[in-house]
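The values are calculated or read from the model by the stated rules, or taken from the named source; none is laboratory data. Note that the coordinates shown come from a computational prediction; the quantities given were computed from them, not determined experimentally. Note that we place each Cβ from the backbone using ideal geometry, even for glycine, and neighbour counts take in every protein chain shown. Ligands, DNA and RNA are stripped out before the accessible areas are found, and what is left, the full protein with its side chains, is counted by its heavy atoms. Shrake-Rupley method; radii C 1.70, N 1.55, O 1.52, S 1.80 Å.
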Protein chains: 2
Amino acid sequence: MQNAKVVGVEELNGCFDRSAISSLVRGAIIAHSRGQTVSPPMGELHFNAHHGECHLRCGYMLGGARFVVKVVTGFYENPKVGLPVNSGALMVFSATTGLFESVLLDEGWLTVWRTAAAGSLATVALARKDTKVIAIIGAGQQAEQQTFWHAAAFPDAEFVIGARDPEKAIALSKQLQQHGVRVRAEASIQAAVRAADAIITTTPATKALFQSEDVRPGTHITAVGADSAGKQELDPLLVARAKVIATDDHTQCIERGEFGVAVRQGFVKEDCDTSLGDILSSESEFRTGSDDITIADLTGLVSEDIAMASFFIDQLKTSSATSQ
Amino acid sequence: MQNAKVVGVEELNGCFDRSAISSLVRGAIIAHSRGQTVSPPMGELHFNAHHGECHLRCGYMLGGARFVVKVVTGFYENPKVGLPVNSGALMVFSATTGLFESVLLDEGWLTVWRTAAAGSLATVALARKDTKVIAIIGAGQQAEQQTFWHAAAFPDAEFVIGARDPEKAIALSKQLQQHGVRVRAEASIQAAVRAADAIITTTPATKALFQSEDVRPGTHITAVGADSAGKQELDPLLVARAKVIATDDHTQCIERGEFGVAVRQGFVKEDCDTSLGDILSSESEFRTGSDDITIADLTGLVSEDIAMASFFIDQLKTSSATSQ
């Protein structure tokens, strides 16, 4: 690592550790809920000529050793020319001297992993203990990863995939089956939702993917798709039905999440959400009955990004030290 | 360059070309004045426990091939432990696909060079043609570089250095003399200013460095130090005396520059500035008399950063191609 200031995807993959990541993301969500993040509002760049967008975040934790600047891009015409939609990089600096430390060319994987980890933590915290069927809505990279992370957290559950394009749902379910996941594709999003005890939405949709009445009593929903103004996956009526609305960051979820859509349309009050960090750090159950609807609205935290970057840098330093 | 996605200071130094940089910075200032920059507001992080700050910028030019994310840090206790105050990096991505292209670990040099280039362009455009004595206020890296860039633009001029710490002014003038610059240190900022036909202020000061009455009629002032709220180098009375107040970006100079200080204190009207880009692209003279006070208030442009990054990346690609 001495001169290897640049870390690529292969090196990151070599340090991948689901249990460690889950634990550090839990800690990052809790630390954020306790006000330990220092971070200015997210920045955005839009490339209208190329149907592209870029999200920027930066921040540090009070008393923390590092600060990060994260760039994530999404250019939605890229697949037409054989390129991935997402790219990005994460720069890491010392929070005590400002000196550059590393750039992680993660191609978006650190964000993918921490988002999947946060999703599964939220579902474990709020879904019924007897959850048997988990619907994954969407058929992209985040749908795939949420399935893996939820399969690890719910080893006895069965998965159903629902996507706007049923062909893509079939393709993803086949791919997941090859990894040993008990999963099938449903013909529609509605069918997948109706079968589910827990629903994970992972799309860049801009309107509700299914109706509130499609969702059975007692269902938990983790929504990770909406991360900027104008995006929406959930029916506000469903948000209004929820006994618990967990948000990873109150302000971000108002500005960018499902919670904000329901607040702006008058379905729920602005102060009716509960901090996901408080839920994760609490000894008590937030779900009070087996018929409760519970929702986790996740917009992503810079504290998660900082914790991810630090973990991988430290892992790489350790492995480099032992290999010498 | 194929795999060399990381560019260090040595490589950048190897491509340094003052005339090319001056020309591209001129183009970037003009392009910005014509509304061709797409850039969200600057982001800032403050590290109060370590007297540190971090500035972030990002953006692209309409029709341009690249976008940049620039991080510049300043940690003012660093010299106590033998570290430089400034660090930073510049990430470059494709503006058509969002894919990561390069990270330039410039240790702040691209910013230093483009700031010095912009300063000398402004002085050439607004100072009297018979400028003989140029005062450089400050004794840091930007003071040194502004001297070099102005010496190239005003080959017959003589330089005087004035700094809050006269010892530092002497040290800098000795160092500059070794590079063949005709320069001497003055005992005080006031003495340097009184001797000058043009004044370049380069400090992180938070109040006026000298009084308006110290400045002779006909003097031009280029102020590059103030780049964030709370910083100030010029006496607002001096700003009020100016026949021409050139700003590189009207909004930034209101928020962060000398112009904003004078506007907020009621010394000048908010619409009395002239775009530096318009001045640089104009055929006509903006200085109307040899007794005019003229001021250029520079806060730095992301268009300059984009042009700098593109120039160095292209130079490195070319040199890599020819060496194969």
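Overview of values
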| quantity | calculated |
| --- | --- |
| Longest to shortest principal axis, alpha-carbon extents of the protein assembly as shown, angstrom | 85, 57, 45 |
| Magnitude of the charge dipole, the stretch A:196-235, Cβ model with Lys/Arg +1 and Asp/Glu -1, debye to 20 | 100 debye |
| For the stretch A:163-317: span of alpha carbons on each principal axis (Å, largest first) | 50, 36, 33 |
| Rg(Cα) / (2.2 N^0.38 Å) computed for the stretch A:39-115, rounded to two decimals | 1.24 |
| Extension gain, A:Phe148 back to A:Gln211 (0.36 nm per residue minus Cα-Cα distance, nm) | 20.1 nm |
| Simple label model, 7 Å out from Cα along Cβ direction - B:Arg264 to A:Val6, nm | 4.1 nm |
| Förster radius 41 Å - calculated FRET efficiency between A:Glu77 and B:Asp278 (Cβ-Cβ, nearest 0.05) | 0.70 |
| Over chain B, equivalent-ellipsoid semi-axes from the Cα gyration tensor in Å | 31, 22, 20 |
| Fraction of the pair-distance distribution of the stretch A:191-276 above 22 Å, Cα-Cα pairs, percent | 15 percent |
| For the stretch B:148-239, Kirkwood radius (reciprocal of mean inverse C-alpha pair distance, Å) | 13.7 Å |
| Shielding by partners - mean other protein chain Cβ count within 10 Å, residues of A:77-86 | 2 |
| Accessible area in the full protein assembly, largest first, 1.4 Å probe, for A:His50, A:His220, B:His32 | A:His50, B:His32, A:His220 |
| Solvent-accessible area buried by B and A, counting both chains, probe 1.4 angstrom, square angstrom | 2800 Å² |
| Relative contact order of chain B, defined on C-alpha pairs under 8 angstrom at six or more residues apart (%) | 19 percent |
| Charge sum, other residues only, whose C-beta stays under 14 Å from B:Asp106's C-beta, Lys/Arg counted +1 and Asp/Glu -1 | -1 |
| Dipole of the stretch B:1-88 [Lys/Arg +1, Asp/Glu -1 at C-beta], most positive-end residue of B:Ala28, B:Asn78, B:Val6 | B:Ala28 |
| Charge dipole (chain A, unit charges on Cβ, about Cα centre) - positive-most of A:Gly43, A:Gln142, A:Ile170 | A:Ile170 |
| Two-site label geometry, A:Leu62 and A:Phe286: point separation in nm, points 7 Å out along Cα→Cβ | 2.2 nm |
| Cleavage-rule hits, trypsin sites (Lys or Arg not before Pro), the stretch B:1-102, DSSP coil, Cβ neighbours within 10 Å at most 14 | B:Arg34 |
| For A:Ser282, label point 7 Å along C-beta direction: distances to other copies, nm | 6.5 |
| Dipole moment magnitude, nearest 20 debye, the protein assembly as shown about Cα centre, only Lys, Arg, Asp, Glu C-beta charged | 400 debye |
| Debye equation applied to the C-alpha atoms of the stretch B:1-93, log10 I(q)/I(0) at 0.10 Å⁻¹ | -0.38 |
| Cα convex hull of the stretch A:34-189 - mean projected area over all directions, nm² | 11.8 nm² |
| Highest to lowest packing among B:267-280, A:85-98, B:160-173, scored as the average C-beta count within 10 Å | A:85-98, B:160-173, B:267-280 |
| Residue-averaged beta-carbon neighbours from other chains (10 angstrom radius) around B:40-49 | 5 |
| Only Lys, Arg (+1) and Asp, Glu (-1) charged, at Cβ; the stretch B:139-252 dipole about Cα centre in debye | 180 debye |
| Links that overshoot a 26 Å alpha carbon limit, given the list A:Lys231/B:Lys5; A:Lys207/A:Lys243; A:Lys129/A:Lys207; A:Lys80/B:Lys70; A:Lys174/A:Lys231 | A:Lys231/B:Lys5; A:Lys129/A:Lys207; A:Lys80/B:Lys70; A:Lys174/A:Lys231 |
